[in-house]
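The structure under discussion appears below in the form of structure tokens.
The values are calculated or read from the model by the stated rules, or taken from the named source; none is laboratory data. Note that this is a predicted model, so its numbers are computed, not measured. Counting neighbours? That spans all protein chains shown, and the Cβs are built from the backbone with ideal geometry, glycine included. Just so you know, the surface numbers come from the protein's heavy atoms only, side chains and all, with ligands and any DNA or RNA stripped out. Shrake-Rupley method; radii C 1.70, N 1.55, O 1.52, S 1.80 Å.
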Amino acid sequence: MDFLLKNCSLPDGRTGMDIAVADGRIAAIEAALTAPAGQTVDAAGQLVAPPFVDAHFHMDSTLSYGQPRVNRSGTLLEGIALWGELKPALTQEALVDRALAYCDWAVAKGLLAIRSHVDVCDPRLLAVEALLHVRERVRPYLDLQLVAFPQDGILRAPGALDNLKRALDMGVDVVGGIPHFERTMQDGAESVRVLCELAAERGLRVDMHCDESDDPLSRHIETLAYHTQRLGLQGRVTGSHLTSMHSMDNYYVSKLIPLIAEAGVAAIANPLINITLQGRHDSYPKRRGMTRVPELLAAGVPVAFGHDCVMDPWYGLGSGDMLEVAHMGLHIAQMTGQDAMRACFQAVTDTPARILGLDDTGLAVGKRADLVLLQARDPVEALRLRATRLLVMRAGKIIASTPPATASLHLDGRPASVSFMTPRPPI
């Protein structure tokens, strides 16, 4: 074997496990492996997880905060307007440079797969060309999946549908949409039909910004579920945001969630951005805005968390840390039970990998050896600490590492060290 990671704790609760890697793949996951290895690392009982996956991001706008100006209101609509002002000044060089810088951030945080929406409403398709180039540049260490996203609406923006088709012809992976931004509810529903039929015709996945609104009557997810079933797209369709569901009455939601589950549609919440952008028109009480994650999970709907934005017209913070995203998600959704917190960890690892169709990742023999060693002993502790990524591995090679987080104190003239890991009771 090429590499042996000893004494690992795993997300499923197993401890004292060894992970053997050969030819870039996981060769064995067992206790007390003794076969010789080219390199051996002792995990010392700390958590080894599959890589983090961001199921919803906008890499074409990332790291553009303050260009051409700052979003003073902090609203979604001003962010969209700012992006419209910035688009004419975009250059491929700047787009590529920002995207590559963010990919470096991602790898350092153990984030090795990203689904990024890319705006296709600029007829030059500069952002599409730039991110297709970036996708190839980062392929050795990061899976970048691109969504053709008509930011201004395929019916509302002149030429947007043709631009979207051109982007797909150029190699973009997924059909996107934004029905709630069309001029009327009828146009929104029509855009869902057109885009789902286009995806079915081309054999592609669908991921729509859907009902990113506080309006409880924004119900395009229902239409998306209908066309998913009608066209046989089950398991290939995702509704992103779904924030209007937070404002819907319980009776309607009791009908809607089973429809989503029956249609095999996945959901992606974006906790950092949903809690920031939604409820802006409320006084008090203020809505949290994030969709009904616990209820969707209880119905069997796959739910992932996305980062959505990092230092762009919509959000001036962020660092590519999916543990920060999950940490916010569990608070907004009040998912503080042990099983619920573990589900939040899965929402940034295993679940988004399935939604994106990444079949070659995960902690199983035969899978590509993409692993993250965290300075924590279990998923809950990893969330609590936003644990340091001690080691990041891609296809059996270490591509990033970070020294352990430590603190040295000097109190009353005596040295002391502090560990923030959970104290274990004596046996």
Residue within segment 170-177 that is in a strand (DSSP E or B), among the hydrophobic types (A, V, I, L, M, F, W, C), crowded, with 22+ Cβ neighbours inside 10 Å and modelled with pLDDT of 95 or more present: yes
May I ask you to list the residues in segment 69-85 that are over 18 Å from LEU126 (Cα atoms) and open to solvent by 70 Å² or more (accessible area, probe 1.4 Å)? ARG69, ARG72, LEU77
Could you identify the single residue in LEU391, LEU409 that is open to solvent by less than 30 Å² (accessible area, probe 1.4 Å), in contact with a Ser or Thr (Cβ under 9 Å, 6 or more places away or on another chain), more than 16 Å from ALA326 (Cα to Cα) and part of a strand (DSSP E or B)? LEU391
Within segment 325-381, which residues are among the charged types (D, E, K, R), out of contact with any Lys or Arg (no Cβ under 7 Å at 6 or more places or on another chain) and free of Cβ contacts under 8 Å to residues at least 12 places away in the same chain? ASP339, ASP359
Looking only at residues that are in contact with a helix residue (DSSP H, G or I) (Cβ under 7 Å, 6 or more places away or on another chain) and within 15 Å of ASP207 (Cβ to Cβ) in segment 132-149, which one is surrounded by the fewest Cβ atoms within 10 Å (Cβ to Cβ)? GLN145
So which of ASP360, ASP339 ends up being over 15 Å from the mean Cα position of the chain (by Cα), over 25 Å from PRO294 (Cα atoms) and either among the charged types (D, E, K, R) or assigned to a helix (DSSP H, G or I) (or both)? ASP360
Quick check on ASP152: is it open to solvent by 30 Å² or more (accessible area, probe 1.4 Å), modelled with pLDDT under 95 and not polar (S, T, N, Q)? yes
When ALA27 is evaluated against the numbered criteria (1) outside any loop (DSSP other than H, G, I, E, B); (2) at pLDDT below 95, which criterion, by number, is the only one it fails? (2)
